[in-house]
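The block underneath contains the structure these notes are about, expressed in structure tokens.
The values are calculated or read from the model by the stated rules, or taken from the named source; none is laboratory data. These figures come from a predicted structure and were not determined experimentally. For neighbour counting, all protein chains shown are included, and Cβ atoms are generated from backbone atoms with ideal geometry for every residue, glycine included.
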Amino acid sequence: MIGQAMIHMGLDEDEIKIEHLPGLEDSTHTPPAAQKPDSATLEDHSLKEIMNETEKKIILEALDKTDGSRKEAAKRLGIAVRSLYYKMDKYGID
């Protein structure tokens, strides 16, 4: 997901924004995970932890926006349904 977002970024951009995430660009707000983290967050957690939490929040938002339809959520996220199931299992999402 992060790789797909980076493909949609301009060369002069250094932040991933909601419009860089396929299927979520129609969102009317920016989820907290997509906002720039404060320095305390970066001091308390590793990059991997921050990326995992961000990915989990985006998956939960996609599932919420599709009323729990995993097929539709995967489509909005630009990933295969199998990948969505893997990520849901990884993050403990039912």
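A search for C-beta distances below 8 Å between a residue of segment 72-94 that is over 14 Å from LEU21 (Cβ atoms) and any residue that is exposed (fewer than 13 other Cβ atoms within 10 Å of the Cβ), counting only pairs 6+ apart in sequence or on different chains, returns VAL81/LYS71; MET88/ASP94. So which residues in segment 80-94 are closer than 16 Å to THR54 by Cα and β-branched (Val, Ile, Thr), if there are any at all? Answer for segment 80-94, where residues must be closer than 16 Å to THR54 by Cα and β-branched (Val, Ile, Thr): just ILE93. Test GLU49 against the criterion of being at pLDDT 75 or above, exposed (fewer than 14 other Cβ atoms within 10 Å of the Cβ) and touching a Lys or Arg at 6+ places or on another chain (Cβ under 7 Å), and give yes or no. It is false that GLU49 is at pLDDT 75 or above, exposed (fewer than 14 other Cβ atoms within 10 Å of the Cβ) and touching a Lys or Arg at 6+ places or on another chain (Cβ under 7 Å). Cβ-Cβ contacts under 9 Å between residues 6 or more apart (or on different chains), taken from a first residue in segment 10-27 that is modelled with pLDDT of 70 or more to a second residue that is assigned to a helix (DSSP H, G or I) and hydroxyl-bearing (Ser, Thr, Tyr), are listed as ILE16/THR54.
Only one of the numbered conditions (1) at pLDDT 70 or above; (2) under 15 Å from the mean Cα position of the chain (by Cα); (3) on the phi > 0 side of the Ramachandran plot is violated by THR54, and that is (3). Any residue in segment 73-80 that is outside any helix (DSSP H, G or I) and farther than 25 Å from GLU15 by Cβ? Taking every residue of segment 73-80 in turn, at least one turns out to be outside any helix (DSSP H, G or I) and farther than 25 Å from GLU15 by Cβ.
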